[in-house]
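Nothing in this text is a laboratory measurement; each read-out follows from the coordinates by a stated rule. Just so you know, these numbers come straight off a predicted model, no measurement behind them. Heads up, the Cβs are rebuilt from the backbone with ideal geometry, glycines too, and the neighbour counts pull from every protein chain shown.
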Amino acid sequence: MNQKNQFRLGRGQSFFEVVIALGIVSLVLVAIVVPATVSIRNTASSRNKTLATRHVQEAIEWLRGQRDADWESFAQHALTATWCLPELSWTGTSHVATCSENEKITNTVFIREVEFVTDPTAIQATVKVTWIDSLGTREVRTSTYFTDWRMD
């Protein structure tokens, strides 16, 4: 009879053991999923930062080309403090205090603007690209000075 009781006790799991096993499995799954989620979020953030940096550099190069093509026209545009540049063109762009959500670079989440500060010898241009992701509002900016290098 003693052997029958041992056999019966060994056949099944108690409710407590099942709960403990499920708890351990849950902890292991959470330990795997949380770092993977953080990694995916960081990858997306890094990708957006890289793309934003590219959009900033494109704008700086475009501004340099505008300066080289016609200094007077470039200097005239720089008299307006802020320009929204969804496309790299003076036409069709707005010059307001702050760019709006509907002025994003085509097919992206990015808003690009340039701010000018002029003085008698140079024009400072600060290009800023902003976007919103799971970490909040993000920004990449760079600033450079333009001069009329062809002056005698």
Per-residue ellipticity at 222 nm for the chain, helices alone: DSSP H runs ≥ 4 residues times -39500 (n - 2.57), over residue total, nearest 500 deg cm²/dmol? -17000 deg cm²/dmol
What ranking of K49, K128 emerges when the number of other C-beta atoms within 10 Å of each C-beta is taken as an exposure proxy, fewest first? K49, K128
One would report the Cα pair-distance distribution of region 2-146, bin width 5 Å, in %, as 2, 8, 14, 15, 11, 8, 6, 4, 4, 4, 4, 4, 3, 3, 3, 2, 2, 2, 1, 1, 0
Phi to ³J(HN,Hα) by Karplus 6.51 cos²θ - 1.76 cosθ + 1.60 over region 122-136, Hz, x for Gly, Pro: 7, 10, 8, 10, 10, 9, 10, 10, 10, 7, 10, 9, 5, 9, x
How much length, in nm to one decimal, is gained on full extension between L88 and V109, taken as 0.36 nm per residue of separation minus their Cα-Cα distance? 5.9 nm
Compute the relative contact order of the chain as a whole-number percentage, counting only Cα pairs closer than 8 Å that sit 6 or more residues apart in sequence. 18
Lys, Arg +1 and Asp, Glu -1 on Cβ, resulting dipole of the chain about Cα centre, debye, nearest 20: 1540
Rounded tilt (10° steps) of 2-11 against the dominant C-alpha axis of the chain: 20
